[in-house]
Structures are given as C-alpha cells and as structure tokens.
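The values are calculated or read from the model by the stated rules, or taken from the named source; none is laboratory data. The structure presented is a predicted model; accordingly, all values stated were derived computationally and were not measured. Heads up, the Cβs are rebuilt from the backbone with ideal geometry, glycines too, and the neighbour counts pull from every protein chain shown.
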Amino acid sequence: MKIHEYQAKELLENYGIPVPRGAVATTPDEARGIAVRIAGRVVVKAQIHAGGRGKGGGVKPAASPEEAFEAARAILGMQLVTHQTGPEGKKVRKVLLEEASSIRKELYLSLVVDRSRGRECLVAMASEAGGMDIEQVAATHPGKIVRCAIHPAAGFSPFQARKLAVGLGLDAEQRKAFGEIVRNLYRLFLEKDCSLLEINPLAITEGGKLLALDTKINFDDDGLPRHPEIRQLRDPDEEDPLEVMAKNANVNYIKLDGNVGCMVNGAGLAMTTMDLIKMAGGEPANFLDVGGGASPEQIEKAFRIITSDPNVRCILINIFGGILRCDRVSAGLIQAAGNIEAKLPMVVRLQGTNVEEGRRMLQESGLRFTVADGLYEAAQKAVALLG
Ligand code: ADP
Ligand code: MG
C-alpha cells in the first residue's frame, strides 16, 4: 500500500526525523491560510501517489500567501503527468504547503527489501547525488550510490551508518544527525512493516542541517492487518479502480499495459502464462489468478474485471482442472461469457480431469472460444488473434 507525502512526513516526524513545517489543503483559500500561518516562502506540492512531480509541474515555490493561492489554484484539479503516472496522468485533489528551505545539497537515502539477497534482505542506499535525477544517477553512475545490507538478526549497526555517512561526505556534526536519522528510519521500517522507505531529497540546508524534503513510504500489504493506523491512510482515489474491484471480488489481479487479458488459476501458472505471451510477441494486459476453486461466479467476476480494461483485445484462459474438473470449468466459462455477452475473442487452454468433455462443451457452445492444447500454442494463438 502507498500513502501520500504529507502522511509519510507525519510518520517521519513521529519517529524524530526532521521535516519542514507544513499542512495539507484541498482548496486555494485553504492554501493561502496555511501560507499566512507559515509566514515566509513556501512550496506548494501536488499530493499524488507518484514521484517525479517536480519535473511534471507539480511542485511550485511561492513567495507570498497570494502566490501560494495562485500556485494551489494551478495545481489542484490538474491531471499531473510524470514519468511514474503513465501518459494519462493523475488528478490532483490535495496540495501540501510547507516552509521553503534554502538547499545547499540534495542527498538520497532509502531502505528497501532486496529479495535477491535472501537472508540479508534489507538494504540501505545513500547517494550524495540525490534529488530529481536519482534514476539517471543509478543508471549512469552507479558508483555514486553507497549500499549496505542489513542482517535482520544483527540489526542496523553504527558502523554501517558511518559507512553511509562517509560515502555522503558529511562533516562530523552532520554524521551524528545522519546516524540518528537512519536509526529512526530503520525502526520505522520494522515497526510499521514497510516495504520501501525513501527520503529524496534529504537536504543539507544552508545552515548545514539535515532535513527530509520529500519522502515516499510503501507498506507490505500482508502486514496491514496489524496496523489499523496505517490502513486508515489508504486513499481509494489513488488506486486503480480495476484493482479495487478485484480486491472486493477476492481475485488476485494486477493491471499491466498490454492487450492480452489473462485468466489463470494459480499464481505460478499465471506468471508462466504471462512469460509465454511475451515470448510469443504479445504483451499481457494483466496478472490474474482466479484462485484454486474457480467457481462459475468467480470466473464471471474475473471476466468482468478483464473486460473492463479498454486495452484488452483478446483473452487467454489457462486453467488447470485438478480438484475442479475441466467440465465444471467449461460450464463456468460458458455461463460467464453468456451473462456478460463477451464480445472479445478468447483462447482457452484446459488440462486435467475430464479435459475432453470440457473442450467438447466449449466447441459446441457457439461462443467465440478458440481451443488450444499446449501452453505455448495457446499464447501464440492469442497473439495471432490481435492481427
Ligand atoms: P518529486 O520527487 O515528486 O519531484 P519533491 O518533493 O522531491 O518531488 O520536490 C522536487 C524538488 O523540489 C526537490 O528535489 C527540491 O529541490 C524541491 N523542494 C521540495 N520541497 C521543498 C522545500 N520544502 N523547500 C525547498 N525546496 C523543496
Ligand atoms: Mg523527490
């Protein structure tokens, strides 16, 4: 789960990490009021669940309450396009107003779960080349990023904080402040079951102080049941409507950018199916695992979700009939396709118990099913349907 910058900054503050004074507004009038209270230069920042806002025009400085009003008026309601939103952008409903800092340097600091490392799976990363071009730095000057893996049993040790601080070229006093920040960040990460915690930029101000000017926090969904205070930070406006629909239907669904819709039972089979679609030259429109049961109702819900994505031009259905027999799957597919008047061409690949009966039912249904035998063959047939 993701949260907004203003919510993440509140969490940082609770953990003793310095952030600028600020408050969130939903109207230009409110924004002006906050700027009056801050009394000084402010920055008006679009609150959406995506980064790259600065370059997209979603972060504007304002020297007076009147300018803050104007900046908020320009940003609120805009469809903000950044390199993380996709070309359609995201509608801005809230802005954060905060004290503008005089920045000497912008650093990067993050804690992230690195699954490729196995046991030592938490990694701290820092760079003295922080700010809006960090992706570029990572791609062209990876040496400018210092990393250290944190063993879960040993925890985060002071020598690791020093290693990062030295890599950032900090002076003695800043090193101490930095050590405090990473220690608190690590505590926050563990206590709230985060999956990503990023401060970018972590600014060194003209006065030499460290200050978190932007932050991003993602949480592990599996940890949410024990954090009601985090769950209530959810903003449904920011979530993909199809993913919300899937969550309510108990279907595991992740929307992707392609045009071959996928309906599969089992997460492993679903991932393999996506791989084979790509191998056949196509692009999957989604990951979808209907679950082991795959009842006719469940199949119908999955159909509705897949066909609500306007990019989908054909559907590949790959079901392994184990405990659930293939003839039951076919009955479910025919019922679902009939109920929602499926107009899209479909390729069905069934294997397992009663497979002959299942295929015969599909072929005789009068619906637009292409039946495939092998998995790769199914992927090729689906891609061929795109024309
Ligand atoms: P994003 O990462 O989405 O582009 P940021 O919050 O990092 O958004 O803002 C972009 C840039 O704007 C920062 O790198 C920093 O230079 C500047 N900035 C952000 N907040 C402040 C602030 N409170 N005071 C001064 N400059 C800021
Ligand atoms: Mg940033």
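Before moving on, here are some points about what is shown:
- Among the criteria (1) modelled with pLDDT under 95; (2) more than 13 Å from ligand 1 (Cβ to nearest atom); (3) surrounded by 14 or more Cβ atoms within 10 Å (Cβ to Cβ), the one G86 does not fulfil is (3).
- Beta carbons closer than 6 Å, at least 6 apart along the sequence or on distinct chains, pair a first residue in the range 1-23 that is farther than 15 Å from N200 by Cβ and acidic (D, E) with a second that is within 14 Å of ligand 1 (Cβ to nearest atom) and modelled with pLDDT of 95 or more for E13/V19.
- Hey, I230 among the aliphatic types (A, V, I, L, M) and within 16 Å of ligand 2 (Cβ to nearest atom) or not: no
- Checked against (1) within 22 Å of L344 (Cα to Cα); (2) surrounded by 14 or more Cβ atoms within 10 Å (Cβ to Cβ), P241 passes all but a single condition, namely (2).
- The lone exception for G86 - which of (1) in a strand (DSSP E or B); (2) on the phi > 0 side of the Ramachandran plot it fails: (1)
- Output for the range 225-236, where each listed residue is more than 14 Å from the chain's Cα centre (by Cα) and either under 25 Å from K301 (Cα atoms) or surrounded by fewer than 12 Cβ atoms within 10 Å (Cβ to Cβ) (or both): P225, R226, P228, E229, Q232
- Any hit, the range 112-121, residues being within 16 Å of ligand 2 (Cβ to nearest atom) and in the same structural domain as F156 (by TED's automatic domain parsing): yes
- Evaluation of N311 against the conditions (1) buried (at least 19 other Cβ atoms within 10 Å of the Cβ); (2) touching a residue at least 40 places away in the same chain (Cβ under 8 Å) shows that the sole unmet condition is (1).
- Meets criteria (crowded, with 24+ Cβ neighbours inside 10 Å and either in contact (Cβ under 8 Å) with a residue 12 or more places away in the chain or more than 15 Å from T370 (Cα to Cα) (or both)) for I334: no
- Yes/no for I254 being outside the structural domain of G131 (by TED's automatic domain parsing), farther than 19 Å from E180 by Cα and either assigned to a helix (DSSP H, G or I) or away from ligand 2 (no atom under 16 Å from the Cβ) (or both): yes
- Cross-chain or 6+ apart pairs with Cβ under 9 Å, the range 49-64 first and more than 26 Å from F219 (Cα to Cα), then more than 7 Å from ligand 1 (Cβ to nearest atom) and of a type in the set (K, R): P61/R41; A62/R41; A63/R41; S64/R41
- When residues of the range 1-21 are limited to those that are part of a helix (DSSP H, G or I) and not aliphatic (A, V, I, L, M), the one farthest from H83 (Cα to Cα): N14
- When G207, G258 are checked against the criterion of being among the small types (G, A, S) and within 16 Å of ligand 1 (Cβ to nearest atom), a single residue qualifies: G207.
- Identity of the residue in the range 200-219, within 16 Å of ligand 2 (Cβ to nearest atom) and not in a strand (DSSP E or B), that ends up farthest from the chain's Cα centre (by Cα): L213
- Of residues in the range 89-142 being away from ligand 1 (no atom under 13 Å from the Cβ) and of a type in the set (K, R), the one nearest to G40 (Cα to Cα): K94
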